[in-house]
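In what follows, a structure is listed as structure tokens, so that the remarks can point back to it.
Coordinate-derived values only; no laboratory data. Since the model is a prediction, treat every value here as computed from it, not as a measurement. Note that each Cβ is placed from the backbone with ideal geometry, even for glycine, and that neighbours are counted across all protein chains shown.
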Amino acid sequence: MKSLEERSGECRVQSAEAWAGEEMQSIHQSPSLRISPPSEEPPPSFLRQGSPFLISPPPNRNRCTGGWMKKNKKQHLVISATSSQREKDPKKRVVITGMGLVSVFGNDVDTYYERLLSGESGISLIDRFDASKFPTRFAGQIRGFTAQGYIDGKNDRRLDDCLRYSLVAGKKALEHAGLAAGTSLSNKIDKERSGVLVGTGMGGLTVFSDGVQALIEKGYRKITPFFIPYAITNMGSALLAIELGLMGPNYSISTACATSNYCFYAAANHIRRGEADLMIAGGSEAAIIPIGLGGFVACRALSQRNDDPQTASRPWDKDRDGFVMGEGAGVLVMESLEHAMKRGAPIIAEYLGGAVNCDAYHMTDPRADGLGVSSCIQSSLEDAGVSPEEVNYINAHATSTLAGDLAEVNAIKKVFKDTSSIKINATKSMIGHCLGASGGLEAIATIKAITTGWLHPSINQFNPEPSVEFDTVANQKQRHEVNVAISNSFGFGGHNSVVVFSGIQVGERWFGKMREILHIQGGQCGNQIGAKFWEVICEEHGIDQTGKYKYSGGGGGGDGDSQGEGEGEGEGFHLERINVYYNEASGGRYVPRAVLMDLEPGTMDSLRSGPYGQIFRPDNFVFGQSGAGNNWAKGHYTEGAELIDSVLDVVRKEAENCDCLQGFQVCHSLGGGTGSGMGTLLISKIREEYPDRMMMTFSVFPSPKVSDTVVEPYNATLSVHQLVENADECMVLDNEALYDICFRTLKLATPTFLFWFYVQKQLKLSFEILPTIVLLVKTLVPWIPNNVKSSVCDIPPKGLKMASTFIGNSTSIQEMFRRVSEQFTAMFRRKAFLHWYTGEGMDEMEFTEAESNMNDLVAEYQQYQDATAEDEYEQEEEEEGEQDV
């Protein structure tokens, strides 16, 4: 076996300077390399639409925030030296397709995780029996459990709770996997190649206790004939197999509190070895009875904080005094990727690998140096084919015991030399220690963290141990894009286990990661553009003016030619990515994930009365009564500032409802008052509150050829000053260029409502927005002085035989900035109309800073335009030298 030092030497951190030109593109395209954080979901439809007016800010102004990666010499890429070793054979790749549980927070996976995210404690005083004489009188006791619909009445009365929990969690996991018992789907799997491996640490403890009591009080004749079958640990797996007819590998594992992870590891290996296509795996425990509580009290393992049970489980806290008992079951449906895709299963995440070993040290105490655990973690990463640098989330064992917590911390530090990017949390702080079921319940929490982008808190973090130097997600949930996660479980006897999960990528498609975008439109211009955007995107997705899908029920309910002639392949694409922009509501309706704002009510009234006005949530319209009067300062400092909290409340509500929010797109004009002033205020507030989400803007730049508002250069320059600081990407719509196209090219004498949808129709261009373009465009345009990428789309828009799109990134955009800057300077030098702004509380210095920022932007573009390949090489060499120093 390799030493820890030898293993860690296999991984390297490469800097972006080591890759240039075609090599940089190969990093983006290579399936065996991962850039952290990943961003495989497509950019918004606007980005894929063909417009010659596209701007990416220069490289040193960019952010990489889980949105679209842009080449940045300062950005470091974490490249795994072992990622190429990951399993690629679909028969051997193991995926998670279903999850089921029984917990103190209920029997629904989503409800369970929502309550974890809220930081709720499930610990309370025991009322199942009289615990008043015990030194510990509280636990994570399940109340109100019902097995109705999953276990028949007779067996429900007979079965030990450990078996009841196993059956309910197992059947719920199958339902989640689309394999509910009795359905046609369940008859399509090969039952001889489908197995069950659900373990328990202590087995049917209630039936055992009752049997012993019957023997002592009434003699052996009063022992139930179900005593032995219900007490043995393998009966949970057996009963599931008997009820479902599953004849594949079937047994149980009992390794104390590491049981569930041992089951996952063994089940995955059955699939990898080709012995099974599908395995139901996990753990169950029901030990909160007098003998169970008394046994752990005798071990001196439990907290005795009876006066405040909800704060008793406090992993890593200096004042922890033992763990808190819990109970429940956590079960996963694990399949080979090939089998899951063949049956069209809902793929949730991927099991990358795992490991098990033994401390060989003591019955109940862990090794203080954590050597057994660190070796187990390292072996699990090797089995998964990932490097320590790729792991950025750990669901810790973290029981709240004096020795155990620090031993795990020491082990983590041995494997992960740099824990600055790793988040570590403790599920047991809220649900207690569920013993043999803990790994199952924590695996579900780990997978939900991957799929939602939210980490639940570790509560009761009052006085942390100094040696715990990493982020424990203390007391408040956190947004965190999980790349690779591990879940640790350790048990009495020195049994160690670690399992490794991630989202799953098959070709260009990511499963288990929903990438939602929140659309915001502000001001008159922004709302007009937004209204047209929703009209077009509803047409693409087959959504009618009431929010209903047109093609449901065989195509009824909508016009037949709304998306080309064919319904076959195109119909599949309609709803494939609908969750990027829509929320699914009751009654089969789809509601735009949109916030609509203005400082005067007229625009909102116009939108409501428009063709798609009824599709939006009524409470997502936010408006004032006064307007901004084309004054940036009113929108940013006075009128807009009074309304901004109301807008942010709606933004927060929509963001909270997302499973995995990728970011925000904002449509606004930079020439008026609301879109420019209030729009940039909102962008800055969102950036402050959601620093790791992308921010994309679609910004209309003003022109005197289109508008007679003389202060537009002020508004635009002040807005650019804000956008440079707070936006990741700006799509620029230059009204002057659009005017020239309409006036000179189209010969329109009086062009009025100018934006790209109108121009597209007039020019008969096929640059409609198509979400499916992501299937063809694999990389964004790299930063060079002049570049365009184009692609042909799979599904043409209505009335067209073919559609294409292109993305441009050109230094010629500086001409527009230069024009606006010159107009700004001409007015500012004369102090023209300055009192309009200073009268709203603005400082004249802000104008000076905005002007300087705009000029710097122009100069930077000019620098890249003038740069030669030799200059680029010399600059990179110089930066590499500085970095080495």
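Across region 591-605, in residue order, what do the Karplus-derived ³J(HN,Hα) couplings come to in whole Hz, using 6.51 cos²θ - 1.76 cosθ + 1.60 with θ = phi - 60° and x for Gly and Pro?
Result, rounded to whole Hz: 10, x, 7, 9, 10, 10, 9, 6, 8, 9, x, x, 4, 5, 4.
For each of Phe492, Phe105, count neighbouring Cβ atoms within 10 Å of the residue's Cβ, then give the residues from fewest to most.
Fewest to most other Cβ atoms nearby, the residues stand as Phe492, Phe105.
Which entries in the list Lys172/Lys448; Lys417/Lys448; Lys171/Lys191 go over 19 Å, if you measure between the two C-alpha atoms of each?
Listed pairs above 19 Å: Lys417/Lys448.
Rounded to the nearest 0.05, what FRET efficiency do Glu815 and Thr848 give with R0 = 35 Å and r taken as the Cβ-Cβ distance? Could you check?
With R0 = 35 Å, the Cβ-Cβ based efficiency is 0.90.
Just to confirm the filter: which trypsin sites (Lys or Arg not before Pro) across region 286-320 are DSSP coil and have at most 14 other Cβ within 10 angstrom of their Cβ?
Qualifying residues, ordered by number: Arg300, Lys318.
Just report the Cα centroid separation between region 722-738 and region 446-491, whole Å.
For region 722-738 versus region 446-491, the Cα centre distance is 37 Å.
Based on the mean of other Cβ atoms within 10 Å per residue, sort peptides 617-630, 520-533 so the most packed one is first.
Packing proxy ranking, top to bottom: 520-533, 617-630.
Taking 0.36 nm per residue of separation and subtracting the Cα-Cα distance, what length does fully extending Lys92 through Asp659 add?
Contour length minus Cα-Cα distance gives 201.2 nm.
Could you work out how far apart the two model spin labels at Tyr361 and Leu746 are, taking each label as a point 7 Å from the Cα in the direction of the beta carbon, and quote it in nm?
Calculated label separation equals 7.4 nm.
Which FRET efficiency value, to the nearest 0.05, do you get for Glu243 and Thr111 by plugging their Cβ-Cβ distance into 1/(1 + (r/R0)^6) with R0 = 30 Å?
Efficiency for this residue pair is about 0.75.
Give me the Kirkwood hydrodynamic radius of region 94-510 in Å, from all C-alpha pairs, to one decimal place?
Hydrodynamic radius (Kirkwood, Cα only) of region 94-510 equals 21.1 Å.
A 28 angstrom limit on the alpha carbon distance is what I want to check against. Which of Lys91/Lys548; Lys532/Lys653; Lys88/Lys477 exceed it?
In this structure, Lys91/Lys548; Lys88/Lys477 lie more than 28 Å apart at Cα.
What full-extension length gain, to one decimal in nm, is calculated for Phe462 and Ser209 as 0.36 nm per residue of separation minus the Cα-Cα distance?
Full extension of this stretch gives 87.2 nm more.
For a Förster distance of 51 Å, can you work out the FRET efficiency between the beta-carbons of Leu402 and His835, rounded to the nearest 0.05?
Working from the Cβ atoms, E equals 0.15.
Which whole-Hz couplings ³J(HN,Hα) result when phi for each residue of region 455-470 is put into the Karplus expression 6.51 cos²θ - 1.76 cosθ + 1.60, θ = phi - 60°, listed in order with x for Gly and Pro?
9, 6, x, 9, 7, 6, 8, 9, 9, x, 4, x, 6, 7, 9, 10
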